[in-house]
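The values are calculated or read from the model by the stated rules, or taken from the named source; none is laboratory data. Please read all numbers here as calculations on a predicted model, not as lab measurements. As a convention, Cβ positions derive from the backbone with ideal geometry for all residues, glycine included, and neighbour counts pool all protein chains shown. Protein only, heavy atoms only, side chains kept; ligands, DNA and RNA dropped before computing areas. Shrake-Rupley method; radii C 1.70, N 1.55, O 1.52, S 1.80 Å.
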Amino acid sequence: MSGHDSKYFSTTKKGEIPELKEELNSQYKDKRKDAVKKVIAAMTVGKDVSSLFTDVVNCMQTENLELKKLVYLYLINYAKSQPDLAILAVNTFVKDSQDPNPLIRALAVRTMGCIRVDKITEYLCDPLQRCLKDDDPYVRKTAAICVAKLYDINAELVEDRGFLEALKDLISDNNPMVVANAVAALAEIQDSSVRPIFEITSHTLSKLLTALNECTEWGQVFILDSLSRYKAADAREAENIVERVTPRLQHANCAVVLSAVKIILLQMELITSTDVVRNLCKKMAPPLVTLLSAEPEIQYVALRNINLIVQKRPTILAHEIKVFFCKYNDPIYVKMEKLEIMIKLASDRNIDQVLLEFKEYATEVDVDFVRKAVRAIGRCAIKLERAAERCISVLLELIKIKVNYVVQEAIIVIKDIFRRYPNTYESIIATLCESLDTLDEPEAKASMIWIIGEYAERIDNADELLESFLETFPEEPALVQLQLLTATVKLFLKKPTEGPQQMIQAVLNNATVETDNPDLRDRAYIYWRLLSTDPEAAKDVVLAEKPVISDDSNQLDSSLLDELLANISTLSSVYHKPPESFVSRVKAAPRADDEEFADTAETGYSESPSQGVDGASPSSSVGTSSNVPVKQPAAGSPPAPAAMPDLLGDLMGMDNAIVPVDEPAATSGPPLPVLLPSTTGQGLQISAQLTRRDGQIYYDISFENGTQGVLDGFMIQFNKNTFGLAAGEALKVPPLQPGASARTLLQMVPFQNISPGAPNSLLQVAVKNNQQPQWWVFLV
């Protein structure tokens, strides 16, 4: 709609629907067009205009492209609620897919792909096959995306009709946008499939790199992301890929830049020449710096990605630390990220200017930012031994400012510095003790108490200082109580005089008799037993030499870091978490469609139709679906660690026995509880229970055919339930001869089919077969 169409959104008419119905059936084209605009306007603001479905569909037969687009928009919105009436539009779709105008052909196939109604998908196949081989590239690129949408609705249909092969052929298309859309569609399909569908070969690689130079920015992102999954055969091929991708670093779109950086970082692992690696590091610095001149939100995403990059290759931005200095108008989330990166890039060469910055930040008005800045100074001291003294000088200057939260944060980090450099900077303890009365935060109190206990022999009035804390011992948080207990024991062991002796009695009494904290009580009893039986052993335990702490600025494990770097420019690199920890995309085997059970969302059941398994072992029915994407182990890779019993299994009453990874999941075993007796099931007896094997949840189910005929085509549905359990694969049961039985394991996926309301441990299951069309419903 154009700007002057706002009039369609305001109406005061009564009986609006009948009037719209009359206008939609008008003999005048302009009147019908205005009526459709009014319908779309009403739909946009949330009014229910589904009753006009037939009348709007009748307006499809038009040469006016604008009107056709509006009608298609209406169809996409209401086809799911009116699937029977949506069939009326099929003939027009098929006709439009052969229209001389490529825009109309593309519009028809795009709209059919967006209408997620199973009854329409079978009519979509022939037009889609034609459009995939259309002469116009605009139609072909639209059809490529439509294949991915169709796969999401009916994966089996896409594979049977050869659409995947047609998509792969489009990678060789001479139009770069068609290539980009084909890559995007194949990547989307691969994400939801358990078997390899889109594998880049050296032949495909050349075509993708050629298309990269000519397609749009988002097409480049799709291609680059797909290329990042390709592992070069050798250093020479890796250098060739990097050379072709490097020009993308100059792109104006941040997503293209980050995707290019991702590929270069991954291929650099294979490049052996140090000169080539050094030059690549120099080339990557300017585009990364440029990202920091964008809007704050983009800056934040860039900084989260840079945080990962500098952990792997700090030399890339080693000379660019000034660009991470905080500006007065930076949002707090940007400032925090910049601080993290500055700590990682801090070195003996630039520490002076970094400390000047941190000192400046420590006088800001934002308390959280000030705390982070003070802590950053301490982290730099721990990281750089030669700069530790300068860092402590800055911290002492900040303590003299007498700002309460600055002083407390400084004491916390100085405690860590003492741990890192024991017996080196103890001369500053006197200055710290001057601020004793101002401490009111648990962590600061605990740090100060630790310092007093650790250096009790060097502090003349250590007993008096600790005694001032003991007065409020019962009211203190557990962190402070634990530290007080240990510090008092240290003081007694170092100065076993009358004063500390009375203090230790009081503390042990408080910690054992008058506390409800089990940790505190247990520690107090251990100390009491040690002191009463063998004071020398107590000294060996309590005053033992402590391990020197190390720099924590590179917190991520190397394997996790490599995984995150492979996901640069995605949410994973922003969250600093692997994708499977926050994305629950289920990779399930394709399921046969059955019109009668297509719309499971409305019935509240998740359904898994049966497939024959002629000659297949029962264990072959076990899939790899779970509530997160599952990586298939590479050949020769070590076996996965043993599974652990979980809460879900305990609540559902499942068997907690763990089956080793290399042991096949057998379907034989102890008899299952009968859930559907043959008397109720007209000769069919069903026994089943939930179980867990190899760390996965399964539905162990057995069928016994007591009828006079063959039973086949078994299907199963699970009602919505508290744990969201749903079938993760197709139910595989061979045809059952009279008197025969079959037992199989059906893999279950949690958190997919969750029911609202009060928690309930019951699982309602329904089963049927071709010979007994009624559903047999039973509870587990």
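Quickly run through the range 105-116 and pick out the residues that are open to solvent by less than 10 Å² (accessible area, probe 1.4 Å) and either among the β-branched types (Val, Ile, Thr) or farther than 19 Å from THR62 by Cβ (or both).
VAL109, THR111, GLY113, ILE115
State which residue pairs qualify: first residue open to solvent by 70 Å² or more (accessible area, probe 1.4 Å) and inside the range 203-226, second residue of a type in the set (Gly, Ala, Ser) in any location, beta carbons under 6 Å apart, and separation of 6 or more residues or different chains.
PHE222/ALA180; PHE222/ALA184
I'd like the residue in the range 760-770 that is open to solvent by 10 Å² or more (accessible area, probe 1.4 Å) and farther than 16 Å from LEU690 by Cβ and, out of all such residues, is farthest from the chain's Cα centre (by Cα). Steps first, answer last, please.
As a first pass, look at the range 760-770 and keep what is open to solvent by 10 Å² or more (accessible area, probe 1.4 Å): 760-762, 764, 768, 770.
Those still in the list that are farther than 16 Å from LEU690 by Cβ too: 768, 770.
On the way: LYS768: 37, ASN770: 41 Å.
Of everything passing the filter in the range 760-770, ASN770 is farthest from the chain's Cα centre (by Cα).
Of all residues being open to solvent by 10 Å² or more (accessible area, probe 1.4 Å) and polar (S, T, N, Q) in the range 366-419, which is modelled with the highest pLDDT? Just the residue, please.
SER393
Table: residues versus (1) part of a helix (DSSP H, G or I); (2) over 20 Å from ARG32 (Cα atoms); (3) more than 37 Å from the chain's Cα centre (by Cα).
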| residue | (1), (2), (3) |
| --- | --- |
| LEU70 | yes, no, no |
| SER81 | no, yes, no |
| ASN91 | yes, yes, yes |
| ARG105 | yes, yes, yes |
| ARG110 | yes, yes, no |
| CYS125 | yes, yes, no |
| ASP134 | no, yes, yes |
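When residues of the range 423-445 are filtered for being modelled with pLDDT under 90, farther than 15 Å from GLU389 by Cβ, open to solvent by 50 Å² or more (accessible area, probe 1.4 Å) and not small (Gly, Ala, Ser), how many remain?
4
Are any of the residues in the range 184-198 under 30 Å from the mean Cα position of the chain (by Cα), without any contact (Cβ under 8 Å) to a residue 12 or more places away in the chain and open to solvent by 40 Å² or more (accessible area, probe 1.4 Å)? Break it down into steps so the answer makes sense when it comes.
Step one: filter the range 184-198 for residues under 30 Å from the mean Cα position of the chain (by Cα), giving 184-198.
Filter once more, so that each one left must be without any contact (Cβ under 8 Å) to a residue 12 or more places away in the chain: 190, 195-196.
The next check asks that each one be open to solvent by 40 Å² or more (accessible area, probe 1.4 Å); those that pass are 195-196.
Checked the range 184-198: at least one residue is under 30 Å from the mean Cα position of the chain (by Cα), without any contact (Cβ under 8 Å) to a residue 12 or more places away in the chain and open to solvent by 40 Å² or more (accessible area, probe 1.4 Å).
Answer yes or no: is there a residue in the range 80-93 that is closer than 20 Å to LEU128 by Cα, modelled with pLDDT of 85 or more and hydroxyl-bearing (Ser, Thr, Tyr).
no
ARG229: in contact with a helix residue (DSSP H, G or I) (Cβ under 9 Å, 6 or more places away or on another chain), within 30 Å of GLU297 (Cα to Cα), of a type in the set (Lys, Arg) and not in a helix (DSSP H, G or I), yes or no?
Values: in contact with a helix residue (DSSP H, G or I) (Cβ under 9 Å, 6 or more places away or on another chain): yes; within 30 Å of GLU297 (Cα to Cα): yes; of a type in the set (Lys, Arg): yes; not in a helix (DSSP H, G or I): yes.
Considered against the rule, which asks whether it is in contact with a helix residue (DSSP H, G or I) (Cβ under 9 Å, 6 or more places away or on another chain), within 30 Å of GLU297 (Cα to Cα), of a type in the set (Lys, Arg) and not in a helix (DSSP H, G or I), ARG229 comes out as yes.
I need the full set of residues from the range 141-165 which are free of Cβ contacts under 8 Å to residues at least 40 places away in the same chain, under 19 Å from PHE222 (Cβ atoms) and of a type outside the set (A, V, I, L, M), in order please.
Residues satisfying the conditions are THR142, CYS146, LYS149, PHE163.
Within 29 Å of SER81 (Cβ to Cβ), aromatic (Phe, Trp, Tyr) and either under 32 Å from the mean Cα position of the chain (by Cα) or open to solvent by 40 Å² or more (accessible area, probe 1.4 Å) (or both), is that true of TYR151?
Working: within 29 Å of SER81 (Cβ to Cβ): yes; aromatic (Phe, Trp, Tyr): yes; either under 32 Å from the mean Cα position of the chain (by Cα) or open to solvent by 40 Å² or more (accessible area, probe 1.4 Å) (or both): yes.
Here the answer is yes, as TYR151 does meet what is asked.
Please enumerate the residues belonging to the range 263-311 that are closer than 24 Å to LEU571 by Cβ and open to solvent by 70 Å² or more (accessible area, probe 1.4 Å).
First, pick out the residues of the range 263-311 that are closer than 24 Å to LEU571 by Cβ: 263-269, 284, 287-311.
Those that are closer than 24 Å to LEU571 by Cβ and open to solvent by 70 Å² or more (accessible area, probe 1.4 Å): GLU269, THR290, SER293, GLU295, GLU297.
Within the range 682-695, track down each residue that is surrounded by fewer than 22 Cβ atoms within 10 Å (Cβ to Cβ) and small (Gly, Ala, Ser).
GLY683, SER687, GLY695
Just to confirm my filter: which helices (runs of 4 or more DSSP H) fall fully inside the range 136-199 and include at least 2 residues that are in contact with a Gly (Cβ under 9 Å, 6 or more places away or on another chain) and small (Gly, Ala, Ser)?
On the way: elements: 137-153, 155-160, 163-170, 176-191.
It comes to 137-153, 176-191.
I'd like to check something: does the range 529-539 contain any residue that is under 25 Å from THR424 (Cα atoms) and at pLDDT 85 or above? Break it down stepwise before answering.
Quick first cut of the range 529-539, residues under 25 Å from THR424 (Cα atoms) only: 539.
Still in the list and also at pLDDT 85 or above: 539.
Among the residues of the range 529-539, at least one is under 25 Å from THR424 (Cα atoms) and at pLDDT 85 or above, which makes the answer yes.
If a residue has to be more than 18 Å from LYS80 (Cα to Cα), open to solvent by less than 60 Å² (accessible area, probe 1.4 Å) and part of a helix (DSSP H, G or I) to count, how many in the range 50-68 make the cut?
Residues meeting the conditions: 3.
List, please: which pairs have Cβ atoms under 8 Å, are six or more places apart or on different chains, and start with a residue in the range 440-451 that is closer than 10 Å to ILE412 by Cα and end with one that is of a type in the set (A, V, I, L, M, F, W, C) and outside any helix (DSSP H, G or I)?
Qualifying pairs under 8 Å: LYS445/LEU439; MET448/LEU439.
For the range 478-499, how many residues are out of contact with any Pro (no Cβ under 9 Å at 6 or more places or on another chain), part of a helix (DSSP H, G or I) and more than 24 Å from GLU443 (Cβ to Cβ)?
Qualifying residue count for the region: 2.
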